[in-house]
Amino acid sequence: GIVEIEYNAKSGELKVFAADDSSHPFVTAAFGPCATAPEFSQLPVDGRQGNRSLFIVPEDQIGYHLALVPGEPFVFLQPVVDQRDSCSLERIMLPQLYTSADSAVAFGTFGIAPAGDNPGSYSFMALVQPQTRHGVVSGWLTQERGSGLVFSGEKTTPYLQPALDYGKWTPTATTPLEIFVFADFRDARPGLERYAELIARDLDIVLPPQPAYYCTWHHARASDEEQILENAVFIDSTLKPYGLEVIQIDDHWQAGLLSNGPAKNFMQHRADGPYPSGMAKTATAIGALGLVPGIWYMPFTGNTDDPFFSDKHYLFARHNGAPFRTRWGGDCFDLSHPKTLDYVQRVAGRLTEEWGYGYLKMDGLWTGLVARHVYINTGYVEDEYGAVELFNKRKTPVEAYRDGLKAIRRAAGEEVFLSGCNAAQNMRTLGASFGLLDAMRVGADNAPSWQRFLRGVFSGSNLYFLHKRIWYNDPDPVHVGEKVPLGQAQALVSWTALSGQIHGSSESYSDLSAERLNLLKKSMPAHDAVSRPVDLFERQIPAIWLVSDSLSQPMRFVLGLFNWQQRDSLKLNVRLNDLGLDGTYYCYDYWQQKRLENFSDSVGITLPPASCRILALRRVVDYPVVISTSRHVTQGMIDIRREDWSVAGTCLCGQSELVANTPYKLLIALPADSTRWRVRNIMTEPALPVSFELEGQVLRAEFYSAQQQLVEWRIEF
């Protein structure tokens, strides 16, 4: 009832229709005439029930399952190879899938680009009409052995061309390969989200709670055992109540030869380094404060020139007799070798079980794929993937890499948080890591400069749909120190807070002013609402984000407007229709702390360079409603647990989570006839000091609590 497939066995033409429009196929393809009669069967993939698969074998002898699954808009396409010839697969190109989209742009890991002029994308691609957002969403559902790519082009119409890279892998039997999916969506953004949800179900992904972290790198490299505890004590008293709970030590703690990138002996700390007492002592001290100790390392690489590795050359993948060496990454491990997996597991066990670290930041992951370092990588580039012949010739590089991540999980246990770093070093690690990591650094390294900030914003926006479905996106730390102009710092923490992605920071917190520290407090923790970029297919970095919280009635919305240009102003005209909303809305500007004109059709705003506006929106009703709070950039989404207008029509009551020793403000919009609305009484349970003032049609009520607690409040009119 959602999608229909029509295959002509004689001509080999495939047509795919939306069930409500059987006259115009949204995808056509030429698979070629069938060599044998098509068969109906079940798609041979993990326990999906009720699917119906058409198995065809065109004359080129690569067979295809074309399947439909009840309740899913996607077509499932799985190639099957008959390996009686015992040839190496290397790359498999699937038939070109022509779409009916006119004036479509391609959207992938590279961002947006013309459908016929882009480098190709890793794991997924969509062809979309920017203004309507209508398009075909496609991607690889499984990447257990193959590295999934999607290319596009344009002849009479734009087309998608899926591809699989296997390296030098040679199957020894008839083998079903990876599964590709595609579907037509009126709005491709929910389509991308549904694609990620499909992967999450297929891999049975269950994520742990989302952390916020402190990283030592940007202000102190690895820090040291005295300085890090000073920061930890400050975090415990000042920032932990707001959600910061992980303290992560970065590069330079480890022993080994400094060659071709970092030292790579992660079994030992550097005796003359910043942690002379050993890494376990610092982890114990951090844990005693109720914080989670974290540590950086590179799990899949070493230096063959380092004496530590002189008796461990079995670890390394070889190319033409020599270790496969990459820039900065060093000598890549051969994860198909049982002894290598044992070493990887022992290192992870030392960091976690022996030393006590509960958060691992794992860098240089592409070395586990034995491919080149192609940083900064967004669209497809040649990386010599598959050039190395692995010890176990029945393993592909992706399969061996996934075995390596599984070995780390076995050693660390389920309670340790595994964060990958970073996909931009070689984007093949993106799909190859699905289902095995809790978080991924999706962008390149940033720094306290505007152009470096944008690296994480770019990748975090393009891959927003993976966040909270496949893993937590980590766009790299925010920067709020005095060297960063206030407007830029506000924009960065606001984008992180609204997108809901992992909040990291790297500062000597006790040196920050109250104003700068406040930026961190107001952007943690992450919300649980729905967050989407509105203009995802119109700009390389979306300027408009909408956060929607359906748990409150009327619904709570926050609109984020961002100017990512460093020198030029940006004029935005935002229409309610573009946001999927109608009616009239109260509007409150968070950073400027003022109510704006009601928003009923469109709003025009000019943003100065490198700045943002964060606007709370709530539908206008005939009774008072909370339009904003002081606690967080999302203005009520993380702190208000309940809000009700009494049936009798005289009382607004609710529950809010208050942070200890921090004034808490409710901003309440009164209906247009505000002269007849007067406050009779404000009460809290437990009883707290309360003050309020009425300013036009906005009531400001302020509470204060000496301890963190859930407070009931009641405002009688």
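The values are calculated or read from the model by the stated rules, or taken from the named source; none is laboratory data. These figures come from a predicted structure and were not determined experimentally. We place every Cβ from the backbone using ideal geometry, glycine too, and count neighbours over all the protein chains shown. Accessible surface is based on the protein model in full, side chains and every heavy atom, while ligands, DNA and RNA are left aside. Shrake-Rupley method; radii C 1.70, N 1.55, O 1.52, S 1.80 Å.
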Accessible-area ranking of 449, 505, 22, largest first, probe 1.4 Å
22, 449, 505
Show which lysines lie in cross-link reach of residue 522 when reach means a straight Cα distance below 30 angstrom and same-chain residues fewer than eight apart are skipped.
240, 361, 468, 483, 571, 594, 665
What are the lysines whose alpha-carbon lies under 26 Å from the alpha-carbon of residue 393, with same-chain residues fewer than 8 places away excluded?
168, 312, 339, 406
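Give the accessible surface of the chain per residue, rounded to a whole number of Å², with probe radius 1.4 Å and ligands, DNA and RNA excluded.
Details: 26940 Å² over 717 residues.
For the chain, the per-residue accessible area is 38 Å².
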Counting only residues 5 or more places away or on other chains, whose amide H sits under 5 Å from the amide H of residue 43 once H atoms are built in the peptide plane?
53
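Relative contact order for the range 113-211: what is it in percent, counting Cα pairs under 8 Å that are at least 6 residues apart?
Answer for the range 113-211 is 31 percent.
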What list of ³J(HN,Hα) values in whole Hz, one per residue of the range 630-645 in order, does the Karplus curve 6.51 cos²θ - 1.76 cosθ + 1.60 (θ = phi - 60°) give from phi, with Gly and Pro shown as x?
7, 5, 8, 4, 7, 6, x, 6, 9, 10, 8, 8, 7, 8, 9, 9
Just to be sure I understand the curve: with the Debye formula and one point per C-alpha of the range 628-682, what is log10 I(q)/I(0) at q = 0.13, 0.14, 0.21 Å⁻¹?
-0.40, -0.46, -0.92
Identify the GluC sites (Glu not before Pro) of the range 597-699 meeting these criteria: DSSP loop state and at most 12 other C-beta atoms within 10 Å of the C-beta.
none
Karplus ³J(HN,Hα) for the range 592-606 (6.51 cos²θ - 1.76 cosθ + 1.60, θ = phi - 60°; Hz, whole; x = Gly/Pro) runs 7, 6, 8, 7, 9, 4, 4, 9, 10, 9, 8, 9, x, 9, 9
Candidates per trypsin sites (Lys or Arg not before Pro) in the range 492-575, loop by DSSP, up to 13 other Cβ within 10 Å
567
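With contacts defined as alpha carbon pairs under 8 Å and 6 or more residues apart, what's the relative contact order of the range 435-549 in percent? Kindly include the intermediate steps, with their values, before the conclusion.
Details: 185 pairs, mean separation 26.0, N = 115.
It rounds to 23 percent for the range 435-549.
Just to make sure I understand: if all protein chains stay in place, what is the order of 11, 630, 494 by accessible area at 1.4 Å, largest first?
Numbers: 11 65, 630 25, 494 0 Å².
Correct descending sequence by accessible area is 11, 630, 494.
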Here the net charge surrounding residue 331, from other residues whose Cβ is less than 14 Å away from its Cβ (Lys, Arg +1; Asp, Glu -1), is +3
Taking H as built 1.01 Å from N, whose amide H comes closer than 5 Å to the amide H of residue 319, not counting residues under 5 places away?
324
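Note the per residue figure in Å³ for the convex hull of the C-alpha positions in the range 456-578.
On the way: hull volume 15.3 nm³, N = 123.
Per-residue hull volume (Cα only) is 125 Å³.
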Could you tell me the distance between the Cα centroids of the range 206-285 and the range 587-633, to the nearest Å?
39
Value of relative contact order over the chain, rounded to a whole percent, pairs C-alpha under 8 Å and six or more apart:
8
For residue 581, tell me the accessible area in Å² from a 1.4 Å probe, rounded to the nearest 10.
30
With semi-axes √(5λ) of the Cα gyration tensor in Å in mind, check (i) 45, 28, 24; (ii) 45, 36, 20; (iii) 48, 35, 28 and report the label derived from this structure.
(ii)
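GluC sites (Glu not before Pro), restricted to the range 194-263: which are DSSP loop and have at most 12 other Cβ atoms within 10 Å? Mind dumping the intermediate values first?
Details: sites: 197, 225, 226, 230, 245; in loops: 225, 226, 245.
Hits after loop and neighbour filter: 226.
Could you tell me which helices of the chain pass both thresholds, a Cα extent of 15 Å or more along their own axis and a mean Kyte-Doolittle hydropathy of at least 1.0, with helices taken as whole DSSP H runs? The partial results should precede the final answer.
On the way: long enough: 188-202 (21 Å, -0.65); 338-349 (16 Å, -0.45); 397-412 (23 Å, -0.50); 450-462 (18 Å, -0.44); 486-499 (20 Å, 0.74).
Length and hydropathy pass: none found.
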Counting each DSSP H run of 4 or more residues in the chain as -39500 (n - 2.57), what helix-only mean residue ellipticity at 222 nm follows after dividing by all residues, to the nearest 500 deg cm²/dmol?
-4500 deg cm²/dmol
